[in-house]
Amino acid sequence: MLVPRFMLKKVAALLALMVVWSSSAPMVESAIGVNWGSLSFHRLKPSTVVDLLKDNKIQKVKLFDADPDSLRALKGSGIQVMVGIPNEMLTLLSSSAAASDLWVRQNISSYMGKGGVDIRYIAVGNEPFLTSYSGQFESYVLPAMQNLQQSLTKVNLAGYVKLVVPCNADAYESSLPSQGAFRPDLMQIMTPLVSFLNSNGSPFVVNIYPFLSLYENSDFPQDYAFFEGTTHAITDGANVYSNAFDGNLDTLVAALSKLGYPQMPIVIGEIGWPTDGAIGADLSAAKVFNQGLINHVLSNKGTPLRPGSPPMDIYLFSLLDEGAKSTLPGNFERHWGIFSFDGQAKYALNLGLGNRLLKNARNVEYLPSRWCVANPSRDLSDVANHMKLACSYADCTTLNYGGSCNGIGMKGNISYAFNSYYQTQMQNSQSCDFDGLGMVTFLDPSVGDCRFVVGVTDTSAASQPYRNWFIVWFLILLGVWVLFMI
Ligand SMILES: *[C@@H]1O[C@H](CO)[C@@H](O)[C@H](O)[C@H]1NC(C)=O
Ligand SMILES: *[C@@H]1O[C@H](CO)[C@@H](O)[C@H](O)[C@H]1NC(C)=O
């Protein structure tokens, strides 16, 4: 196509303007990423999740394992990935160099290279120093890292892929941030670990949960968990802390300084707010917390001990709700997503990545619009065992005190439990029987904020034969119809 000369000039001027404009835009120092966990009854296809990340301009994702389906879907996406090693694998990797070599070859190097997955970090264990593990993983962490580092060197990835250890915030403690120190029982481990991180140019990764502080401690001041200002500021010498996040972060900075690494870069491996399953876990609190956090971090204000230098990366917990997670920490555990399990945004959130709002997942393949409910014409007095069984398998956490479905009445409870189970069974008709107490309905039984879900058609592998059968049946019916028409 011919472009007139004067037009070319205009284009050139426009280009010049764009260059000037983009280079004068403020440099964003922190990057916002997300955790992508997969403990769900209704897993979205990995390719759908990767599209969701791309549509929301999310450039960094943290996984909890090296799931081949997720990694394959991330190929060529340009998204930077943190791959995880479950705590249970640390014993093996710490004791066998061969196992470590194999792990790196199978789960890291085979995916990398041109058009592959851009793996930047390996998380060695997940919160392995948590007090509730009573030390069972502690001694394996550093030896596993040493083996893995050698394995990475063998495949020429040691400079590019960095080993990190996502730590729970209970690895350090103090009443005042400036007095921060690692737990005395961890000193023997933390001293060489932090030195190892430093010599490999790795950041310290920590998970920070003001929600849990609030949930576990009724004296914790509500407004100190958020970023909107507080009437309970903490004064620490010349420094004043107005939010738990800064206070927690500086406690870590002080602990690292005590070991001789005051400048060690910090990454927040997990941070977020749940939307259901407990008092204080709701949509508006989650929105206020996450938006406050993102704005705070992107303002580049930093903390009193690190003015002007916020954490280098922040991974929100979490991308999606995971309905199959353990409820041991609390019913809220299945509701951390900024998106529901099916990739629908729960509230308005500006991630600071270019879109002003979250974009929903596209092309989600739902099961048919039908639900399983309690049969109104039956005597339901003998339903307790059915409900118990349904809820022990499926997710009923929203029914409890503080949940979005608490208060839908006894029949509502039963229907909710039946439906949750029915959907996890991919709407198999037998799974709505419950000795004749259940029935399938085509009317959405959702009430107010209480959503009765419809499942999604599992992973690509599971949905493929289903779709093929659908096509076969369609062709047969079409054939019959054509025969009739002739
Ligand atoms: C690779 O990672 C997967 C998922 O975490 C794990 O099941 C598998 O055992 C790993 N491969 C090796 C060789 O350890
Ligand atoms: C519904 O179930 C929840 C959770 O078990 C319970 O707290 C609530 O009291 C139940 N409602 C009725 C009316 O039984």
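Picking from Leu353, Leu349, which residue would you name as being in contact (Cβ under 8 Å) with a residue 60 or more places away in the chain and out of contact with any helix residue (DSSP H, G or I) (no Cβ under 7 Å at 6 or more places or on another chain)?
Answer to the check: Leu353.
For every residue, the table says whether it meets (1) of a type in the set (Ser, Thr, Tyr); (2) in contact with a strand residue (DSSP E or B) (Cβ under 9 Å, 6 or more places away or on another chain); (3) not in a strand (DSSP E or B).
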position: Phe211; (1), (2), (3): no, yes, yes
position: Tyr224; (1), (2), (3): yes, yes, yes
position: Gly229; (1), (2), (3): no, no, yes
position: Phe245; (1), (2), (3): no, yes, yes
position: Ala255; (1), (2), (3): no, yes, yes
position: Met264; (1), (2), (3): no, yes, yes
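Would region 422-434 turn up any residue that is surrounded by 18 or more Cβ atoms within 10 Å (Cβ to Cβ) and closer than 30 Å to Tyr215 by Cβ?
For region 422-434, residues surrounded by 18 or more Cβ atoms within 10 Å (Cβ to Cβ) and closer than 30 Å to Tyr215 by Cβ: present.
Identify, please: which residue in region 51-69 is in contact with a Lys or Arg (Cβ under 8 Å, 6 or more places away or on another chain) and in a helix (DSSP H, G or I) and is, among those, nearest to ligand 2 (Cβ to nearest atom)?
Result: Leu52.
Could you grab me the full set of residues in region 377-404 that are part of a loop (DSSP other than H, G, I, E, B), of a type in the set (S, T, N, Q) and either over 22 Å from the mean Cα position of the chain (by Cα) or more than 19 Å from Ala281 (Cβ to Cβ) (or both)?
Here is the first cut: in region 377-404, the ones part of a loop (DSSP other than H, G, I, E, B) are 377-383, 394-396, 400-404.
When the remaining residues are screened for being of a type in the set (S, T, N, Q), the result is 377, 381, 400, 404.
Selection gives Ser377, Ser381, Asn400.
Cβ-Cβ distance below 9 Å, separation of 6 or more or different chains: which pairs start in region 159-188 with a residue that is closer than 19 Å to Met82 by Cα and touching a residue at least 60 places away in the same chain (Cβ under 8 Å) and end on one that is of a type in the set (D, E, K, R) and in a strand (DSSP E or B)?
Here the result reads Pro166/Lys62; Pro166/Glu270, each pair linking region 159-188 to a residue that is of a type in the set (D, E, K, R) and in a strand (DSSP E or B).
So which residues in region 361-376 are touching a residue at least 40 places away in the same chain (Cβ under 8 Å) and assigned to a loop (DSSP other than H, G, I, E, B), if there are any at all?
Within region 361-376, Ala361, Arg362, Asn363, Val364, Glu365, Leu367, Pro368, Ser369, Arg370, Asn375 qualify.
Please verify whether region 296-319 includes one or more residues that are under 28 Å from Phe434 (Cα atoms) and in contact (Cβ under 8 Å) with a residue 40 or more places away in the chain.
no
Does Leu380 count as hydrophobic (A, V, I, L, M, F, W, C), surrounded by fewer than 19 Cβ atoms within 10 Å (Cβ to Cβ) and farther than 22 Å from Ser318 by Cα? Don't jump to the end; show me each part of the working.
On the way: hydrophobic (A, V, I, L, M, F, W, C): yes; surrounded by fewer than 19 Cβ atoms within 10 Å (Cβ to Cβ): yes; farther than 22 Å from Ser318 by Cα: yes.
Answer is yes for this residue.
Anything in region 286-333 that is among the hydroxyl-bearing types (Ser, Thr, Tyr) and more than 14 Å from the chain's Cα centre (by Cα)? List them, or say none.
Across region 286-333, the qualifying residues are Ser299, Thr303, Ser309, Ser326, Thr327.
So which residues in region 426-453 are acidic (Asp, Glu), in a loop (DSSP other than H, G, I, E, B) and more than 28 Å from Thr275 (Cβ to Cβ)?
Of region 426-453, the ones acidic (Asp, Glu) are 433, 435, 444, 449.
Next, from what is left, pick out any that are in a loop (DSSP other than H, G, I, E, B): 433, 444, 449.
Within region 426-453, Asp433 is the sole residue that qualifies.
Can you tell me which residue among Pro445, Pro465 is touching a Gly at 6+ places or on another chain (Cβ under 9 Å) and either closer than 14 Å to Asn375 by Cα or modelled with pLDDT under 95 (or both)?
Pro445
So which residues in region 70-92 are within 12 Å of ligand 1 (Cβ to nearest atom), among the hydrophobic types (A, V, I, L, M, F, W, C) and part of a strand (DSSP E or B)?
If the condition is that a residue be within 12 Å of ligand 1 (Cβ to nearest atom), among the hydrophobic types (A, V, I, L, M, F, W, C) and part of a strand (DSSP E or B), then Val83, Ile85 are the ones that fit.
Looking only at residues in region 409-430 that are touching a helix residue (DSSP H, G or I) at 6+ places or on another chain (Cβ under 7 Å) and under 26 Å from Gly280 (Cβ atoms), which one is nearest to ligand 2 (Cβ to nearest atom)?
Looking at the filtered set, the residue picked out is Asn413.
Among the residues of region 152-172, is there at least one that is at pLDDT 95 or above, in contact with an Asp or Glu (Cβ under 8 Å, 6 or more places away or on another chain) and closer than 30 Å to Val240 by Cβ?
Within region 152-172, one or more residues are at pLDDT 95 or above, in contact with an Asp or Glu (Cβ under 8 Å, 6 or more places away or on another chain) and closer than 30 Å to Val240 by Cβ.
Could you check, for region 92-100, whether at least one of its residues is more than 29 Å from Tyr393 (Cα to Cα), within 19 Å of the chain's Cα centre (by Cα) and either modelled with pLDDT of 95 or more or acidic (Asp, Glu) (or both)?
First, pick out the residues of region 92-100 that are more than 29 Å from Tyr393 (Cα to Cα): 92-100.
Those left that are additionally within 19 Å of the chain's Cα centre (by Cα): none.
No: region 92-100 contains no residue that is more than 29 Å from Tyr393 (Cα to Cα), within 19 Å of the chain's Cα centre (by Cα) and either modelled with pLDDT of 95 or more or acidic (Asp, Glu) (or both).
What do you reckon, is Thr398 more than 14 Å from ligand 2 (Cβ to nearest atom) and β-branched (Val, Ile, Thr)? Write out each step before concluding.
Numbers: more than 14 Å from ligand 2 (Cβ to nearest atom): no; β-branched (Val, Ile, Thr): yes.
In short, no.
Mind checking which residues of region 95-131 are farther than 16 Å from Asp69 by Cα, within 13 Å of ligand 1 (Cβ to nearest atom) and in a loop (DSSP other than H, G, I, E, B)?
Residues satisfying the conditions are Ser96, Gly125, Asn126.
Considering only residues of region 37-50 that are of a type in the set (A, V, I, L, M, F, W, C) and either within 16 Å of ligand 2 (Cβ to nearest atom) or surrounded by 19 or more Cβ atoms within 10 Å (Cβ to Cβ) (or both), which is farthest from Val117 (Cα to Cα)?
In this case the residue turns out to be Phe41.
The values are calculated or read from the model by the stated rules, or taken from the named source; none is laboratory data. Predicted, not measured: the structure shown is a model, and the values here were computed from it. Note: ideal-geometry Cβ built from the backbone for every residue, glycine included; neighbour counts use all protein chains shown.
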